[in-house]
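Structure first, then comments.
The values are calculated or read from the model by the stated rules, or taken from the named source; none is laboratory data. As the structure is a prediction and not an experimental result, all values here were calculated from the model. Methodologically, a virtual Cβ is constructed for each residue, glycine included, from the backbone with ideal geometry; neighbour enumeration extends over all protein chains shown. The area values use the complete protein model at the heavy-atom level, side chains included, leaving out ligands, DNA and RNA. Shrake-Rupley method; radii C 1.70, N 1.55, O 1.52, S 1.80 Å.
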Amino acid sequence: MANRVTLYHIAQHVGVSKTLVSLVLNGKAQQYGISKQTCDKVFAAVKELNYRPNRTARSLRTGKTETVGLIVSDISNAFYAQMARMFEDLASAQGYSVIICSTDEEVEKEQRLITMLRNRQVDGLVVSTSQREGEWLKAVYDSGTPLVLIDRHLGSGTLPAVVADNRSGGAMLAHHLVEQGYKHPLVLGLSTSHISSVAERIDGFLGVFKEHNLPCVVREVGFNTIQADVDKLLLNVRSLPFKPDCLFAVNNNIATAVLHSLAATNVKIPSDMAVVCFDDLPYFAFISPTITAIEQPVAQMCSRAFELLSQLMDGENFSSHEVLRLPVKLNVRQSSLKKSK
């Protein structure tokens, strides 16, 4: 058949009304007393004629596009790539397509992307925001766009958010290092230090060392200049005045840059310096030495975020917008273990 197959063609083929075909395809056969035999004929005709729904017409009819947006800082980051893959699978299982965008930690770009997705009439948004304040996103939410934050939040009561327990993870790494006898940590964070995940990881880490009256040195690297900034900081790590004996990388991109830099300067891990990281990566478990890292609950974060988004898209209103923090896991490996004497 040269022309597009429509419900009319299916109805003619089966010998029923177009309305009946629509009821069957929209799962309302039982509600309207349509027999199984008739349903089987309709589905057989759909397959035989290679019928494909007209999503544009359906969108006009229902007011929904069956599309959601996922906005992250950098899709090339392994953490966000994994998140995007899992979120896409969750959405697909519910009949949604996903448009995935990267902001490069630029607030203006994030706002442009959100505006673009709203203009395309996506049914909802999940955002790992780079914004410092919540007013702009709150206005988007209050205007009727279902929106859930993931990985990062803007404070309790602002917007619904699903995150890892970043402060607890930072504290886990610090407790482990203290137990191993390390006393002079160097913390490498990002210049976007206002972001909740970065700030809470560092805060949790520093709090433990403060309890033990052990000073920490914190340095920041640029989002777009991570390797160059890390190389500059660690070029002469042995001659640094504070002489760090361990290093905490606040995310996996920084940790990867640290491993490259220390290898280039022949610094041995962990004998010269221990290395720990927030964000576990598959290769951390088989390189030599293996790398101690915090494993984030990515699957659970995606599942809960999509669950909240679905409720909002179905018209449910939340009485409060709390931050849901999910537990993390410490994977202790060779990079932070001191050899027994």
Can you find a residue that is in a helix (DSSP H, G or I) and open to solvent by 10 Å² or more (accessible area, probe 1.4 Å) anywhere in the stretch 143-163?
no
Determine which member of the set D165, D151 is within 26 Å of L326 (Cβ to Cβ) and in contact with a Lys or Arg (Cβ under 6 Å, 6 or more places away or on another chain).
D165
Cβ-Cβ under 6 Å pairs, at least 6 apart or on other chains, the stretch 257-282 side open to solvent by 10 Å² or more (accessible area, probe 1.4 Å), far side part of a strand (DSSP E or B) and polar (S, T, N, Q)
D280/N331
Here the qualifying pairs (Cβ atoms under 8 Å; residues six or more apart or on different chains; first in the stretch 170-181 and β-branched (V, I, T) and open to solvent by 10 Å² or more (accessible area, probe 1.4 Å); second modelled with pLDDT of 95 or more and assigned to a helix (DSSP H, G or I)) come out as V178/V208; V178/F209
State yes or no: is L308 among the aliphatic types (A, V, I, L, M), more than 14 Å from the chain's Cα centre (by Cα), crowded, with 16+ Cβ neighbours inside 10 Å and farther than 19 Å from L188 by Cβ?
yes
Please verify whether Q111 is out of contact with any Gly (no Cβ under 8 Å at 6 or more places or on another chain), over 30 Å from C216 (Cα atoms), outside any strand (DSSP E or B) and in contact (Cβ under 8 Å) with a residue 40 or more places away in the chain, treating the condition exactly as stated.
no
For the stretch 20-37, enumerate the residues that are assigned to a helix (DSSP H, G or I) and buried (at least 17 other Cβ atoms within 10 Å of the Cβ).
L20, V21, L23, V24, L25
Test: residue in the stretch 121-139 that is free of Cβ contacts under 8 Å to residues at least 12 places away in the same chain, more than 26 Å from E200 (Cβ to Cβ) and either of a type in the set (A, V, I, L, M, F, W, C) or open to solvent by 60 Å² or more (accessible area, probe 1.4 Å) (or both):
no
Please determine whether any residue of the stretch 38-53 is at pLDDT 85 or above and closer than 30 Å to V250 by Cα.
no
Test of understanding: among D279, D314, D272, which residue is closer than 25 Å to F79 by Cβ and modelled with pLDDT under 95?
D279
Return the residues of the stretch 193-230 that are under 24 Å from L337 (Cα atoms) and either among the charged types (D, E, K, R) or open to solvent by 80 Å² or more (accessible area, probe 1.4 Å) (or both); say none if nothing qualifies.
R201, D203, K210, E211, H212, N213, P215, R219
I71 vs. criteria surrounded by fewer than 17 Cβ atoms within 10 Å (Cβ to Cβ), within 23 Å of G144 (Cβ to Cβ) and at pLDDT 95 or above
no
